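First comes the structure, then the notes that go with it.
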Amino acid sequence: MFLEEAARSHRLWAFFHVAAYTGARRGELLWLRWSDVDLDAAEIRIARSVSVIDGRRVESSTKSERTRVVGFGAETVAVLRRHRVEQDRECEVLGEAWKGDPDGYVFTTA
């Protein structure tokens, strides 16, 4: 499978996986916060979206302008748990240079 072979070693593996297994749009995943992720219930709440226009981050509502809850399987739970551990490790190693909030966005810049 392409996703497994080509993307697993990429820093954004979790992003690719969640996109493929939830059907969430790119902008919705870029907006996703850890507070919108319930790993025990295996679901994410999608309420907002983000675009990059002329190099600027532009936040907006979702395409349908509604909040929706999307469920996923145990494999996605495991991928997101690993991603959280890796993100916490990045934050710890980089300290103040880390571009993100540990309780904020699920997917951040390198």
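Values in this text are rule-based calculations from the coordinates and carry no lab data. Computed from a predicted structure; not experimentally measured. Quick reminder, even Gly has a Cβ in these numbers, built from the backbone with ideal geometry, and neighbours come from all protein chains shown.
Could you check the simple spin-label distance between Asp38 and Arg56, using points 7 Å along Cα→Cβ, in nm with one decimal? For Asp38 paired with Arg56, the spin-label model returns 3.6 nm.
Only DSSP H runs of four or more residues enter the estimate; each adds -39500 (n - 2.57), and after division by the residues of the chain the mean residue ellipticity at 222 nm equals -11500 deg cm²/dmol.
Rounded if a/c is under 1.5, else prolate if a/b beats b/c, else oblate: with a ≥ b ≥ c from the C-alpha gyration tensor eigenvalues square-rooted, which is the chain? The shape class here is rounded.
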